[in-house]
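Below is one structure, written out as C-alpha cells, with a few remarks after it.
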Amino acid sequence: MIIYVTSEYRFTRLPDASIWTETAFPYSYWERYLDAFSEVRVLARVREKTTPLTGGKRVDGKNVSVFALPDYQGPLGYFQQRGEITKLLDGELRPENALILSVPSPISLLLEKIIRRKNLVYGAEAMGDPWEVFSRSGIRHPLRIYFRLSLTARMKKQISGAASV
C-alpha cells in the first residue's frame, strides 16, 4: 500500500529529476514509513534548480518519491496556486491508499474538500500550533488575528476527523 504524506517543506529538483533538501526531511526521515507501507509519496512544493545544493541530502530513493506541487511562496502565492494544487492532488489521491496530513499546513487545508468528496480515511500528524505561531510575540502580519483563529479552528477540525493522530 502507498502512503501519501503532506509536507510544507520546499524541496529542490535537479535536471536529472532527483529531489534534494538543504536541511530537513532527507530520505532517512521518510524511510521509517516503509516498515508499514510499500511506498511513500511526499506531497510537497518543489522548486527547479540546475546546480546541486551545497551540503544537500537526497530525499527520493528506493520506494520514496516526491509528488511535486507548484512552488508557491507566502499567502498570495498560495492563493494564486491553490486551484492548480487542488487539481493535482485530486487527480493523484485514491481511497485505497493511506494519507497522513502534517498539520497545520496550507496543503492539508486544500485536501479537506478532496477528503470529504472521496470519503478518504486519513491520519494527522501535529507539527506545530498556529495559536502559538500567530501569537503577539510570533509572526507580525496585518491578518495575524484572523490566521490565528481560523487556522487553529481548521487544525482542530482536521485532527478531530482523523482516524489516528
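Here are the numbers for this structure:
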read-out	value
Residue within the stretch 62-80 that is modelled with pLDDT under 95, among the small types (Gly, Ala, Ser), out of contact with any Lys or Arg (no Cβ under 8 Å at 6 or more places or on another chain) and crowded, with 17+ Cβ neighbours inside 10 Å present	no
Matching residues, the stretch 51-72, being out of contact with any helix residue (DSSP H, G or I) (no Cβ under 8 Å at 6 or more places or on another chain), more than 28 Å from GLY83 (Cβ to Cβ) and of a type outside the set (A, V, I, L, M)	THR51, PRO52, THR54, GLY55, GLY56, LYS62
Matching residues, the stretch 15-34, being open to solvent by less than 80 Å² (accessible area, probe 1.4 Å), part of a helix (DSSP H, G or I) and either in contact with a strand residue (DSSP E or B) (Cβ under 7 Å, 6 or more places away or on another chain) or basic (Lys, Arg) (or both)	TYR27, TRP30, TYR33, LEU34
Test: GLY138 is out of contact with any strand residue (DSSP E or B) (no Cβ under 6 Å at 6 or more places or on another chain), outside any helix (DSSP H, G or I) and farther than 22 Å from TYR33 by Cβ	yes
Cross-chain or 6+ apart pairs with Cβ under 6 Å, the stretch 42-62 first and in a strand (DSSP E or B), then surrounded by 15 or more Cβ atoms within 10 Å (Cβ to Cβ) and among the small types (Gly, Ala, Ser)	VAL42/SER7; ALA44/SER7; VAL46/ALA68
Total residues in the stretch 112-135, condition open to solvent by less than 30 Å² (accessible area, probe 1.4 Å), within 15 Å of TYR4 (Cβ to Cβ) and in a loop (DSSP other than H, G, I, E, B)	2
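The values are calculated or read from the model by the stated rules, or taken from the named source; none is laboratory data. Remember, it's a predicted structure, so these values are computed and weren't measured experimentally. Virtual Cβ from ideal backbone geometry, glycine too; neighbours counted across all protein chains shown. Surface accessibility is based on the protein's heavy atoms, side chains included, excluding ligands, DNA and RNA. Shrake-Rupley method; radii C 1.70, N 1.55, O 1.52, S 1.80 Å.
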